[in-house]
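Participant: Questions regarding the structure given below will be posed in turn.
The values are calculated or read from the model by the stated rules, or taken from the named source; none is laboratory data. Because the structure is a prediction, the values reported are computed rather than measured. Neighbour counts are summed over all protein chains in view; Cβ atoms, including those assigned to glycine, are modelled from backbone coordinates with ideal geometry.
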Amino acid sequence: MRIALITAQVPFVRGGAELLADRLRDHLRLYGHNAEIVSLPFKWYPPSTLLDHMVAATLTDFSNYNAVPVDLAIGLKFPAYLGQHPNMVMWLLHQYRGAYDEWDTGHGDLLFHEDGKLARDAIRQADNLAMRRAKAVFTISENVTQRLQKYNGVASTALYHPPPLAERHDCRGYEDYLYFPSRLSLPKRQSLVVEALARTRAPVKVMFAGAADNPQQEEELHALARTLGVDDRVIWSGPVDDDTMVDAYARARAVVYPPRDEDYGYVTLEAMLSRKAVITCADSGGPLEFIEDGVSGFVTASDPASLAAAMDEIWEDPAQAERMGTAAWDRYQSMGISWQNVIAQLTSEPTGAASPSETPARLQRPSPRAIVANAVTPRIEPVIARTGINSVKELSTIFELDDAFSTPDAVTYYERHFARFLTSLAMLDPKPGTRVLDIGASEPYVFAALLKRYAPDVWISAVEERGSASAINYKIKSKVPGVQDFEVHRVKCNVERERLPFPDASFDLVLAMEILEHLPVNPAFFAEEIARVTRPGGQVLVTTPNIASHEATARLLNGHSPYSFGIFMPLMGIHGRHQREWTPHEVELLMRSAGFDTDRLSTADVYGQTVESKAADVLMTWRRDPVLLGETTLYLGTRSLRQSDAPLDLYISDPRQYRGGILATRRRPTDANVQVALTNKSPVSWAHDGPDPVQLEIRWLNDDGELSQEFVRLPLPRTIDPGETLNTLLRLGEEPDRYEGAVSIRLFHLGYGWFDILNTTNSVLLPLKRATFEAFMASPELREA
């Protein structure tokens, strides 16, 4: 069917109503309808202008455009739904509330105008006519349904719909802040939350996110926080992008949302999908349809003291916050909220409907593959940098890149991956003079050549693991006049075990393209080294295969490994194959833990994949975010000034704690005691007792230098705090006159392994007489010097 979505919009203002219209249009199209938004501009002041807009809407004919009939009109907002169409179905977001409940409560703007009552009566009369003319009347919530019944005597059906980013919300913990995402507006009652903060006994923190209705409103809220002495417990985030909002929901302790008589309130549903409890008020309207007091959140009186008590309770008991958040998620899942139901209700043939150009078809559900393909494909199509160069062959007409054509395999590789190069380039906006570090690059530096063509004034260094040592700088010559030769300054480094050979804050942009999947041991060290050499405010671009892509899902369902490249390459060494492939959120977690803030997290099908039917069935069931289903993950982040933390969701223990040093010395060759200095260079204390203490291992080496099974592990004399050196003594006997063997002295974390495996703490080999080792093993002791 041709379907017109009839709505009104205040120019330059975009909020939940506009998001709803967009989503409704998109989902109608997924189900095969030709849907468009028809929006009328709206100005409500003074009342005479409001009446003019009502007249204009009433005179608007929505039944035919471009000489083709519109089969169905869906009325969303006042006054647009007053227009003319023989087959109008209402799905009310809300009416003009200043003529209804806000008039009664004294909050309506019409109350302050001489002709306000005239406008109120005109609005009510027009609504009565429009609702009775409609073929069916739905609302977005039970609250709106009850209001329509109370003031207009019109029966309607509440039709719930998912929030705009329903597929993306998840839970990533319960951190120390409450989240309040909403525009700063009097009806949202941010001031009530600020006043409640001043009455909490716990050091509750609240993060507000959203643009202000006007600058005065924002300044008044800031001033209120300062006056009440809680400005240090308030975070004003301002307007935020979708990624930031989803992440803030995912990490919050709970959500506080106490609006005045809200129509629906996406905030409540977004919180539930993020497994967060919601603190709301008894007069908040829409949220009360979803939140059960004491089960999935708290419903309090709308006064600061009552709100403060609920905020204290959920702040002081994180376990309760998690239980309530789980209950909220369960409640959402049980309600059957879906666009499928919305579309089915709105497009089913109403009784007694007028006959448009064709009878409105009942919902014909397309195949899961078609639905997923339509939803996913536009969101993961590569965004290509417009360089005028579309292949490595075209690039080779500008720069000498002979090695790219040295073998048929090389040609195939670079042609296949060139779309990924262009997609990566489109993420970047390098300025003249930008210092770039390309980690994992190798001859003939195709991406470096592409980057120089796109941004000629950047300076490029490269880190190679197996690079040629024949020249420090690698020169790439130009083939055309006006394009300069350039050099890549290159170094060799094992990025998982060695510090990058550059000073702190050396680079404006670091590229780590297709590297993470090759790292088998400690990618957190790699990420921290990237952060160290990136200046504050500099950026990192990470690309890596997406283990959660639609393609990986299809491989798994077909009985294959989900890895995009999981075969073994023994001649290429340990880093030749993909050791582990990552989900997009794992990449974000790793880089965030290293000290980067996310600018953009997306995926792309750079190799032209298609959605398979088996994968489509699974993706439909799990409602995965289509933006993150592409074959390649692309992460762009900015280096922040905050301290790094541990990516504990990726590691069995905090990898940062294995940074230290061991120094073993004898004061004299004849001294029987060996002094062992243990230095903790990590941000984590080394515990000497408890369930997983740090121990010192002394192990005999065989004649061939291999570690034997003769060893002892001794508890530390006491805990060693970060930055501290503990001097200890081992009675290992005097220095031998001739070599009889040696012992290895290593730090060991009980239940986890040896520190020196990561190369961030050394081990010590100490020559020793066999007899003195056996004597030590009979009575081992480690004591503080």
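Participant: Would you confirm whether any residue within segment 743-754 is among the aromatic types (Phe, Trp, Tyr), crowded, with 19+ Cβ neighbours inside 10 Å and within 37 Å of the chain's Cα centre (by Cα)?
Facilitator: Among the residues of segment 743-754, at least one is among the aromatic types (Phe, Trp, Tyr), crowded, with 19+ Cβ neighbours inside 10 Å and within 37 Å of the chain's Cα centre (by Cα), which makes the answer yes.
Participant: Further, regarding this structure: So which residues in segment 489-543 are within 23 Å of Pro683 (Cβ to Cβ), small (Gly, Ala, Ser), buried (at least 20 other Cβ atoms within 10 Å of the Cβ) and modelled with pLDDT of 95 or more, if there are any at all?
Facilitator: Those that are within 23 Å of Pro683 (Cβ to Cβ), small (Gly, Ala, Ser), buried (at least 20 other Cβ atoms within 10 Å of the Cβ) and modelled with pLDDT of 95 or more: Ala527, Ala531, Gly538.
Participant: Continuing with the same structure: Do we have Gly741 as at positive phi and at pLDDT 90 or above here? Explain how you work it out, then say what you get.
Facilitator: Details: at positive phi: yes; at pLDDT 90 or above: no.
Considered against the rule, which asks whether it is at positive phi and at pLDDT 90 or above, Gly741 comes out as no.
Participant: A further question follows. So, in segment 202-213, of the ones that are at pLDDT 95 or above and not in a loop (DSSP other than H, G, I, E, B), which residue ends up farthest from Thr300 (Cα to Cα)?
Facilitator: Ala209
Participant: Could I ask something else about it? Taking segment 704-724, which residues are of a type outside the set (D, E, K, R), surrounded by fewer than 14 Cβ atoms within 10 Å (Cβ to Cβ) and more than 24 Å from Ala778 (Cβ to Cβ)?
Facilitator: Gly705, Gly723
Participant: In addition: Hey, does segment 463-475 have a residue that's in contact with a Phe, Trp or Tyr (Cβ under 7 Å, 6 or more places away or on another chain) and free of Cβ contacts under 8 Å to residues at least 40 places away in the same chain?
Facilitator: yes
Participant: In addition: Looking only at segment 258-281, filter to residues that are modelled with pLDDT under 95 and of a type outside the set (Asp, Glu); which one of those is surrounded by the fewest Cβ atoms within 10 Å (Cβ to Cβ)?
Facilitator: By that ranking, first place goes to Arg260.
Participant: Restricting attention to segment 231-257, report how many residues are assigned to a loop (DSSP other than H, G, I, E, B) and crowded, with 22+ Cβ neighbours inside 10 Å.
Facilitator: Step one: list which residues in segment 231-257 are assigned to a loop (DSSP other than H, G, I, E, B), which gives 237-241, 252-253, 257.
Those left that are additionally crowded, with 22+ Cβ neighbours inside 10 Å: 252-253, 257.
Total meeting the criteria: 3.
Participant: Report yes if Pro503 is within 23 Å of the chain's Cα centre (by Cα), assigned to a loop (DSSP other than H, G, I, E, B) and not hydrophobic (A, V, I, L, M, F, W, C), otherwise no.
Facilitator: Answer is no for this residue.
Participant: Follow-up question, since we're still on this one. Report, ordered by the first and then the second residue, all pairs with beta carbons closer than 6 Å, sequence separation of six or more or different chains, a first member in segment 39-60 that is in the same structural domain as Met88 (by TED's automatic domain parsing) and among the β-branched types (Val, Ile, Thr), and a second member that is assigned to a strand (DSSP E or B) and surrounded by fewer than 16 Cβ atoms within 10 Å (Cβ to Cβ).
Facilitator: Cβ pairs passing all conditions: none.
Participant: Let me ask something else. Cβ-Cβ below 6 Å, separation at least six or inter-chain, first residue in segment 393-417 and surrounded by fewer than 13 Cβ atoms within 10 Å (Cβ to Cβ), second among the hydroxyl-bearing types (Ser, Thr, Tyr) and modelled with pLDDT under 90: which pairs?
Facilitator: So the pair list comes out empty.
Participant: Also, I was wondering about something else. Somewhere in segment 327-336, is a residue without any contact (Cβ under 8 Å) to a residue 60 or more places away in the chain and surrounded by 24 or more Cβ atoms within 10 Å (Cβ to Cβ)?
Facilitator: yes
Participant: Right, next: Taking the conditions exactly as written (of a type in the set (Lys, Arg), assigned to a loop (DSSP other than H, G, I, E, B) and modelled with pLDDT under 95), does Arg199 satisfy them or not?
Facilitator: Numbers: of a type in the set (Lys, Arg): yes; assigned to a loop (DSSP other than H, G, I, E, B): yes; modelled with pLDDT under 95: no.
So Arg199 does not fit the description; no.
Participant: I've got another one for you. Does Val295 fit the bill of being of a type in the set (A, V, I, L, M) and surrounded by 22 or more Cβ atoms within 10 Å (Cβ to Cβ)?
Facilitator: On the way: of a type in the set (A, V, I, L, M): yes; surrounded by 22 or more Cβ atoms within 10 Å (Cβ to Cβ): no.
When the stated conditions are applied, Val295 does not pass them.
Participant: Can I ask one more? State yes or no: is Val144 without any contact (Cβ under 8 Å) to a residue 60 or more places away in the chain and in the same structural domain as Ala8 (by TED's automatic domain parsing)? Quick ask: steps written out before the conclusion?
Facilitator: Values: without any contact (Cβ under 8 Å) to a residue 60 or more places away in the chain: no; in the same structural domain as Ala8 (by TED's automatic domain parsing): yes.
Taking the combined requirement at face value, the residue does not satisfy it.
Participant: A further question follows. Please work out which one of (1) within 27 Å of the chain's Cα centre (by Cα); (2) part of a helix (DSSP H, G or I); (3) modelled with pLDDT of 95 or more is the condition Glu167 fails and give its number.
Facilitator: It fails just one condition, (3).
Participant: Assess whether Arg251 counts as being touching a residue at least 24 places away in the same chain (Cβ under 8 Å) and either out of contact with any Cys (no Cβ under 7 Å at 6 or more places or on another chain) or outside the structural domain of Leu19 (by TED's automatic domain parsing) (or both). Don't jump to the end; show me each part of the working.
Facilitator: Details: touching a residue at least 24 places away in the same chain (Cβ under 8 Å): yes; either out of contact with any Cys (no Cβ under 7 Å at 6 or more places or on another chain) or outside the structural domain of Leu19 (by TED's automatic domain parsing) (or both): yes.
Against the criterion (touching a residue at least 24 places away in the same chain (Cβ under 8 Å) and either out of contact with any Cys (no Cβ under 7 Å at 6 or more places or on another chain) or outside the structural domain of Leu19 (by TED's automatic domain parsing) (or both)), Arg251 qualifies.
Participant: So, one more: Filter segment 434-456 for residues that are assigned to a loop (DSSP other than H, G, I, E, B) and modelled with pLDDT under 95; which is surrounded by the fewest Cβ atoms within 10 Å (Cβ to Cβ)?
Facilitator: Ranking the qualifying residues of segment 434-456, first place goes to Pro456.
Participant: In contact (Cβ under 8 Å) with a residue 60 or more places away in the chain, surrounded by fewer than 19 Cβ atoms within 10 Å (Cβ to Cβ) and farther than 22 Å from Val495 by Cβ - does that describe any residue in segment 560-580?
Facilitator: No, segment 560-580 contains no residue that is in contact (Cβ under 8 Å) with a residue 60 or more places away in the chain, surrounded by fewer than 19 Cβ atoms within 10 Å (Cβ to Cβ) and farther than 22 Å from Val495 by Cβ.
Participant: Here's a follow-up. Restricting attention to segment 682-703, which residues are within 16 Å of Arg718 (Cα to Cα) and surrounded by fewer than 20 Cβ atoms within 10 Å (Cβ to Cβ)?
Facilitator: Across segment 682-703, the qualifying residues are Val684, Ser685, Ala687, His688, Asp689, Gly690, Pro691, Asp692, Pro693, Gln695, Glu697.
Participant: Taking the stated definitions as given, is Arg2 among the basic types (Lys, Arg) and in contact with a helix residue (DSSP H, G or I) (Cβ under 8 Å, 6 or more places away or on another chain)?
Facilitator: No, not satisfied.
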